[in-house]
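J.: Take this structure, written in structure tokens, and hold onto it; I'll ask about it next.
A short reminder: the numbers here are calculations on the coordinates, not readings from a lab. Since the model is a prediction, treat every value here as computed from it, not as a measurement. Because the Cβ atoms are built from the backbone with ideal geometry, glycine has one as well, and the counts that use them run over all protein chains shown.
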Amino acid sequence: GCNNFCSYCIVPHVQGREVSRPVRDVLADVRELAAGGVTEITLLGQNVDSYGRGLDGDSDLASLIARVARIPGLRRLFFITSHPRDLSPRLAETVSGCLDVVCPYFHVPPQSGSNRILRLMNRGYTRERYIEMTSMIRETVPGAVLAGDFIVGFPSETAADFDDTIDLLERVRLSSSFIFKYSPRPFTRASAMPDDVASADKIRRHRLLSDLQHAVSLQENRKLLGRTLEVLVQGPSSTDPDRLTGRTRGNRIVIMPSNTGRPGDYVRVAVADATPLALYAEGVSPAAGPAVTAP
Ligand code: SF4
């Protein structure tokens with residue numbers, strides 16, 4: 001669940017308040033999975049950074065991550081989704097100190113770059129705070145990869161508000177984003193606001209922001225050309241069954257030749273080409289080996 005009540009979001013209304021599972025239960029689950037051969041785990045929460053509220057002691061996400069990362073057999077640990085207001089320097093420092101296991105991937109949805117719209121969304125931060133937070137992560141965590149979500153066409157969003165969103169993405173350069181056109185959800189505060197951004201404007205803003213995200217993603221992915229990255233092989237590519245797909249430690253998609261490995265293998269691949277959505281690997285350097293910190 002979630003305690004935040006962002007004005008557009010139905011989650012707190014249908015899933016209720018957030019609950020933190022006891023640390024010992026999470027550790028027991030992960031130990032059992034790791035003993036059974038699972039090597040990649042994701043700690044999942046609507047607002048995973050608020051983990052620990054309501055638990056006895058001083059449990060928080062940072063201390064949980066540090067303890068999970070020490071469980072034998074685990075090679076990759078992700079945590080999603082982070083709230084920009086709650087992502088703390090302590091968490092970034094913990095990730096930085098556990099990079100042999102913890103993946104430096106931060107899904108931190110900005111939703112908008114306009115302070116007026118962020119207020120109406122009840123997000124609890126400003127664009128300035130968001131920009132500071134991204135700088136803090138990048139300064140603290142080597143190889144950090146940031147991704148997020150945006151909503152365009154929120155009630156009363158003007159062309160100037162949307163320009164602020166474009167400007168924010170240009171500044172923070174997320175590696176990828178999910179971009180949604182606003183539509184009202186029942187029970188939410190925003191559903192009582194006039195849904196007054198014309199459909200054509202929502203479509204145009206969605207296209208403009210998507211085009212910008214694709215350009216940024218392509219530039220960021222091209223920086224990896226020639227680099228050797230660790231990839232966890234997942235299975236046949238959905239777009240080309242004659243190739244394999246996998247993910248880097250920065251959660252980037254990699255398309256590889258079918259003889260690169262088998263699902264579940266960790267391989268090292270050389271990046272030969274890049275699109276906004278994926279990296280393409282050709283040559284394969286010796287498979288497996290110890291985990292490496294790479295985007
Ligand atoms: Fe909670 Fe996320 Fe929904 Fe906001 S958008 S209410 S943080 S689940």
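J.: Tell me the residue from G113, G143 that is closer than 20 Å to L212 by Cβ and either in a loop (DSSP other than H, G, I, E, B) or within 16 Å of the ligand (Cβ to nearest atom) (or both), please. So that I can check it myself, show each step before the final result.
T.: Working: G143 fails: closer than 20 Å to L212 by Cβ.
G113 is the lone residue from the list that is closer than 20 Å to L212 by Cβ and either in a loop (DSSP other than H, G, I, E, B) or within 16 Å of the ligand (Cβ to nearest atom) (or both).
J.: Right, next: Which of the residues belonging to segment 48-77 are surrounded by 19 or more Cβ atoms within 10 Å (Cβ to Cβ) and either within 16 Å of the ligand (Cβ to nearest atom) or within 21 Å of G264 (Cβ to Cβ) (or both)?
T.: Correct list: V48, D49, S50, Y51, L61, V68, A69, L74, R76, L77.
J.: Select, from A28, A69, the only residue that is hydrophobic (A, V, I, L, M, F, W, C) and under 21 Å from the mean Cα position of the chain (by Cα). Don't jump to the end; show me each part of the working.
T.: Details: A28 fails: under 21 Å from the mean Cα position of the chain (by Cα).
Only one candidate qualifies: A69.
J.: Residues that are hydrophobic (A, V, I, L, M, F, W, C), crowded, with 21+ Cβ neighbours inside 10 Å, touching a residue at least 24 places away in the same chain (Cβ under 8 Å) and in a loop (DSSP other than H, G, I, E, B): does segment 151-159 have at least one?
T.: Checked segment 151-159: at least one residue is hydrophobic (A, V, I, L, M, F, W, C), crowded, with 21+ Cβ neighbours inside 10 Å, touching a residue at least 24 places away in the same chain (Cβ under 8 Å) and in a loop (DSSP other than H, G, I, E, B).
J.: Same structure again: Kindly indicate whether D164 is under 17 Å from L43 (Cβ atoms), surrounded by fewer than 22 Cβ atoms within 10 Å (Cβ to Cβ) and of a type in the set (D, E). Talk me through it step by step, then tell me what you get.
T.: Values: under 17 Å from L43 (Cβ atoms): no; surrounded by fewer than 22 Cβ atoms within 10 Å (Cβ to Cβ): yes; of a type in the set (D, E): yes.
For D164, the condition - under 17 Å from L43 (Cβ atoms), surrounded by fewer than 22 Cβ atoms within 10 Å (Cβ to Cβ) and of a type in the set (D, E) - is not met.
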